[in-house]
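So the structure is just underneath, and the comments pick up after that.
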Amino acid sequence: MRIKVAQAKRVRPVWGRNPLTDAAKHLQKVRRQAHLEERQRANFQRELCGNEFAALTVMNGAGGAPLPLAICRRPLSIVMTKAGSRSLFEALVDSSFTENQWLQIAINLCRAVEEMQNKGMVHNDLKNDNVTLDDDLKVHLIDFGLATLENETCGYGEGSAKDWIAPEIMGCGASTFASDIYSVGQILQEIYYEMPVTSDKFESIIQGTRYEDPDDRLNIQEVLQMMEMLI
Ligand SMILES: Nc1ncnc2c1ncn2[C@@H]1O[C@H](COP(=O)(O)OP(=O)(O)O)[C@@H](O)[C@H]1O
Ligand SMILES: [Mg+2]
């Protein structure tokens, strides 16, 4: 009997009855917050990964997109086929393409985007490091983590302004083919800077993709047609 009393006393958490100091309360709050943020980050990564796998499945190789093979849990990643030998970003930084080769890359980019749109997909993050090239200048679209179907929302907040992202999709506006055209225009602009010779026609195509109002922008077929006339 005496032993039981002693045991009961021993397991009572003596420290639990003491009020927490302000510093301890603060520490507890910071830890909880960090834990919550970590869980939110992990959930977001899982969501992106699942979304990318689904989008790549819909694409089924259109626009040179990689084919999805499997999702690996640890580390969280997608196994996919290789698409291109280097990014357009790398090519822009370090390459000596001729004007005609740059033009060919621009046209191949537009063809890839047209193929993507034929699948009903909006990429939502088209930029130079989400485009890759083969040695024969074939273009591949990659990184479909934020891709949606047309008129869905990809979830950009108001605060995340990026110069390649169409203004109407900031703050959770619906994604459209026209919003991707705005991003295509940014890439065409970067290609144009690398071209040794200036061209009014090329400049006017770029201008046609960058209007604030999505209804005023050229569509991908128009861009492609105008580009092909430059070659
Ligand atoms: N399927 C692929 N084939 C070839 N290169 C790839 C492929 N996927 C990604 N890369 C390379 O890795 C880089 C980062 O990949 P990405 O999917 O854009 O990841 P992140 O979400 O970090 O931007 C790309 O710019 C590209 O150079
Ligand atoms: Mg990327």
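The values are calculated or read from the model by the stated rules, or taken from the named source; none is laboratory data. Quick caveat, the model's predicted, so the values are computed rather than measured. Heads up, the Cβs are rebuilt from the backbone with ideal geometry, glycines too, and the neighbour counts pull from every protein chain shown. Surface accessibility is based on the protein's heavy atoms, side chains included, excluding ligands, DNA and RNA. Shrake-Rupley method; radii C 1.70, N 1.55, O 1.52, S 1.80 Å.
Under 5 Å between amide hydrogens, built in the peptide plane, is the criterion, and for Ile71 it picks out Val79 among residues at least 5 positions away or on other chains.
Charged side chains reduced to their Cβ positions (Lys and Arg at +1, Asp and Glu at -1) give the stretch 114-193 a dipole of some 160 debye around its Cα centre.
A full extension of the chain between Asn118 and His26 corresponds to an added length of 27.7 nm, given 0.36 nm per residue minus the alpha carbon distance. How big is D for the stretch 20-93, in µm² s⁻¹ as a whole number, if Stokes-Einstein is applied with the Kirkwood radius of its Cα pairs at 20 °C and 1.002 mPa s? Calculated translational D: 138 µm²/s.
Rolling a 1.4 angstrom probe over the stretch 15-80 with all protein chains present gives an accessible area of which 57% lies on carbon and sulfur atoms.
Within the chain, the longest run free of exposed loop sites, counting GluC sites (Glu not before Pro) that sit outside DSSP helix and strand states (H, G, I, E, B) and have at most 12 other Cβ atoms within 10 Å, spans 1-157. On a per residue basis, the stretch 158-231 carries 51 Å² of accessible surface, using protein heavy atoms and a 1.4 Å probe. A Cβ-based charge dipole, computed about the Cα centre of the chain with Lys and Arg at +1 and Asp and Glu at -1, lands at about 3380 debye. On the beta carbon distance between Glu158 and Ala42, with R0 = 30 Å, the FRET formula returns roughly 0.75. Selection among Ala34, Asn51, Gly64 by position relative to the dipole of the chain gives Ala34 as farthest towards the positive end (Cβ unit charges, Cα centre). Comparing Ala174, Ile231, Val184 along the charge dipole axis of the chain, the residue lying farthest to the positive side is Ala174, per the Cβ-charge model.
One compactness figure for the chain is 1.47, namely its Cα radius of gyration divided by 2.2 N^0.38 Å.
Entry comment: accessible area of the stretch 15-80 is 79 Å² per residue, from protein heavy atoms only and a probe of 1.4 Å.
Computed in the context of the full set of protein chains, the accessible area of the stretch 86-228 at 1.4 Å probe radius has 46% of its extent on carbon or sulfur. Here the spin labels are modelled as points 7 Å beyond Cα on the Cα-Cβ line, and at Ser85 and Gln101 they lie 1.1 nm apart.
Each residue of the stretch 76-81 is assigned a 3J(HN,Hα), and the resulting list reads 4, 6, 10, 8, 9, 6 Hz, derived from the Karplus form 6.51 cos²θ - 1.76 cosθ + 1.60 (θ = phi - 60°), x at Gly and Pro. Note on Glu203 and Met226: the model spin-label points, each 7 Å out from Cα along the C-beta direction, lie 1.3 nm apart.
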